1. Tell me, how many Å apart are the Cα centres for region 25-47 and for region 131-149?
2. Which residue fluctuates most in the GNM of the chain (Cα springs below 10 Å): HIS154, HIS234, HIS79?
3. At 222 nm, what helix-only mean residue ellipticity would the chain give, in deg cm²/dmol to the nearest 500, using -39500 (n - 2.57) for each DSSP H run of four or more?
4. Could you tell me the relative contact order of the chain? Use alpha-carbon pairs under 8 Å, at least six residues apart, and round to a whole percent.
5. Among all the lysines, which ones have a C-alpha under 16 Å from LYS84's C-alpha, if same-chain residues fewer than 8 places away are not counted?
6. Roughly what would the spin-label model give for SER316 and LEU334, points 7 Å off Cα along C-beta, in nm?
7. How large is Rg over Rh for region 72-165, taking Rg from the Cα atoms and Rh as the Kirkwood inverse mean of 1/r across Cα pairs?
8. Would you mind computing, in nm to one decimal, how far apart the modelled labels at ASN219 and ASP63 are, each placed 7 Å from Cα along Cα→Cβ?
Amino acid sequence: MNILLTGGAGYIGSHTAVVLTEAGHNVIILDNFCNSDRSVLERLKQILQKDLICIEGDVRNTDLLTQALQEHKIDAVIHFAGLKAVGESVTMPVEYYANNVQGTISLLEAMKVSNIKNLVFSSSATVYGDPQYLPIDENHPTSATNAYGRSKLHIEEMLKDVANSDPAWKIICLRYFNPVGAHESGFIGEDPNGIPNNLVPYIAQVAVGKLPKLNVYGNDYPTLDGTGVRDYIHVMDLAEGHLAALNYVADHSGWIAINLGTGKGYSVLEMIEAFEGASGNKIPFNIVTRRVGDIASCYSTAEKASQLLSWQAKRSIQDMCSSGYKWQNYRSTLA
Ligand code: NAD
Ligand code: UFG
């Protein structure tokens, strides 16, 4: 199949590009590089031994999207492009709605006029808001606690309406839990701008000596050791989940939401220990007060993905930490 990856130069998109290309699909990336670096294309070439087509542009440019869909005879789209920083979304809600919601409307317009109706959308466990029960299944009520989460919810709702309007649409919303780790080559990985907000990229930068110490946000949660528990999923497992989702949408009409997680949670202290094991380096940390807006625990049930997509996460937290460390070391050698 010819598959368009909006935001395909980013963290999850680049890993998915590897998996899809290796499975024999023809990948076309469209990205405006607002949160990624053009050098990822060279690094993808090192892994794949071939050039991927990349169109530089914004998903809000409907004419550009329409041209890309038609010129490359696209069969399905995976829509990764969007802004994703929770804290930033609270101070810049207009930019978040413009990029995420308006970007999706633009994509849907281009797909509609081009009669291309197979779509996989990057959603998030954030649409479950504060968990009412664990593990979280797809029937858990949805809500949002910030503009980023609300943009994902608005898009999911909009996609439901679109699927209801015409049975030709085949739409799957993948609700990712906490993607971490990197491709086993270490050539691509998560590359946040400035000081990382998320745990694993932060630990990785402490492990290579780029940052001095980790702040652990609270050890008084009702969890096994008092620190926050999350469902960390290896980004290569997540990428393989997209391949499975593409196979599913090919012959299932309508709208569906599916969790992509492992079904198991790990605490902050467990992640620190795993990273120390993988890197052989001590991760110094301080316990500080809770981060505003954080929840104690969040993990999925992965049953729907297993039943409908015949997919499940295979890689361990050791794999997540060792690949993340390998990437962080390689990253330090880049400009
Ligand atoms: P990322 O920032 O690394 O990748 C997103 C890519 O989209 C970047 O390359 C960026 O340049 C591009 N982009 C953004 N706005 C664009 C626009 N208007 N036009 C064209 N390109 C644009 O993020 P990621 O971690 O790879 O996340 C991919 C998707 O998955 C996002 O939609 C994100 O909200 C969602 N998601 C991510 C996580 C996570 O923890 N990483 C969790 C749940 C959901
Ligand atoms: N944490 C620390 N120190 C840090 C960073 C994080 O102790 O420097 C802790 C947090 O308190 C939390 C855990 O590590 O207990 C995980 O935090 P992350 O920031 O890595 O991940 P979150 O679960 O808070 O949020 C992420 C994304 C959201 C997304 C959510 C579910 O940032 O956008 O996963 O997919 F909605």
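Coordinate-derived values only; no laboratory data. Keep in mind it's a predicted model, so treat the numbers as computed, not measured. Glycine also receives a Cβ, built like all others from the backbone with ideal geometry; neighbour counts cover every protein chain displayed.
1. Centre-to-centre (Cα) distance: 32 Å.
2. With Cα springs under 10 Å in the chain, the top fluctuation among HIS154, HIS234, HIS79 is at HIS154.
3. Values: 11 runs with 126 residues, N = 335.
The per-residue figure over the chain is -11500 deg cm²/dmol.
4. It rounds to 19 percent for the chain.
5. Hits, sequence-local ones excluded: LYS152.
6. 2.8 nm
7. Working: Rg = 14.2 Å, Rh = 14.2 Å.
Looking at region 72-165, the ratio lands at 1.00.
8. The answer from the label model is 6.0 nm.
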